[in-house]
Amino acid sequence: MATSLAVVVAATFVWLGMVLAISFLEAPVKFRAPGVTLPIGLGIGRLVFRALNACEVGLAVVVVAGLVAGSPGRGAAVALAAAVVVLAAQLLLVRPALTRRSDAVLAAPEGVAGPGSHAHLWYVGAEVVKVVALLLGGILLLAH
């Protein structure tokens with residue numbers, strides 16, 4: 001395996017691990033911790049997801065550069081390109097809606113839920129698609 005593709009494999013699985021750990025473990029668990037109120041949980045979530053997304057962008061750049069430098073095979077390239085496109089959609093389309101929703105929840109009086117939003121469901125759905133794309137892309141690279 002070429003060095004560039006080995007770097008892509010490593011970046012892909014690090015990216016996958018980060019998404020699984022933060023989106024599917026940390027995010028839901030933090031609201032079950034004693035003393036974590038909705039405003040505190042939202043504040044923590046904003047910081048954690050901002051950091052996660054910054055890392056994801058860096059890893060996506062590494063993945064794209066490695067794919068351009070190597071010859072990954074069509075299936076791996078398509079899967080990893082899908083992960084990059086999903087990340088871009090999350091950052092450009094879904095995250096702004098989530099920010100507006102959390103701003104409204106934080107501004108609402110105590111005990112009032114604030115306006116509803118499907119943005120969270122869109123974000124989770126995108127995370128599932130991204131996880132599948134990263135896993136598939138990483139496996140196809142290893143099989144290449």
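Given the condition over 20 Å from the mean Cα position of the chain (by Cα) and of a type in the set (D, E, K, R), answer yes or no: does some residue in segment 51-58 qualify? Walk me through it before giving the result.
Step one: filter segment 51-58 for residues over 20 Å from the mean Cα position of the chain (by Cα), giving none.
Within segment 51-58, not a single residue is over 20 Å from the mean Cα position of the chain (by Cα) and of a type in the set (D, E, K, R).
Quick test of your reading of the structure: Leu47 fulfils all but one of (1) within 23 Å of Gly138 (Cβ to Cβ); (2) free of Cβ contacts under 8 Å to residues at least 60 places away in the same chain. Name the failing condition by number.
(1)
Considering only segment 51-62, I want to know if a residue exists there that is open to solvent by less than 60 Å² (accessible area, probe 1.4 Å) and either in contact (Cβ under 8 Å) with a residue 60 or more places away in the chain or of a type in the set (D, E, K, R) (or both).
Yes: one or more hits.
Any chance you could count how many residues in segment 63-92 are open to solvent by 60 Å² or more (accessible area, probe 1.4 Å), at pLDDT below 95 and either closer than 18 Å to Ala126 by Cβ or outside any helix (DSSP H, G or I) (or both)?
Qualifying residue count for the region: 1.
Cβ-Cβ under 7 Å, sequence separation 6+ or interchain: first residue in segment 78-104 and closer than 19 Å to Ile139 by Cα, partner among the polar types (S, T, N, Q) and surrounded by 13 or more Cβ atoms within 10 Å (Cβ to Cβ). Which pairs?
Leu80/Thr12
Select from segment 22-50 the residues that are assigned to a helix (DSSP H, G or I) and open to solvent by less than 50 Å² (accessible area, probe 1.4 Å) and list them in ascending order.
Ile22, Ser23, Glu26, Ala27, Lys30, Gly41, Leu42, Gly43, Gly45, Val48, Phe49
Just to be sure, is Gly138 surrounded by 18 or more Cβ atoms within 10 Å (Cβ to Cβ) and either part of a helix (DSSP H, G or I) or modelled with pLDDT of 95 or more (or both)?
Details: surrounded by 18 or more Cβ atoms within 10 Å (Cβ to Cβ): yes; either part of a helix (DSSP H, G or I) or modelled with pLDDT of 95 or more (or both): yes.
When the stated conditions are applied, Gly138 passes them.
The values are calculated or read from the model by the stated rules, or taken from the named source; none is laboratory data. Predicted, not measured: the structure shown is a model, and the values here were computed from it. Glycine also receives a Cβ, built like all others from the backbone with ideal geometry; neighbour counts cover every protein chain displayed. Heads up: the accessible areas ignore ligands, DNA and RNA and are worked out on the full protein's heavy atoms, side chains in. Shrake-Rupley method; radii C 1.70, N 1.55, O 1.52, S 1.80 Å.
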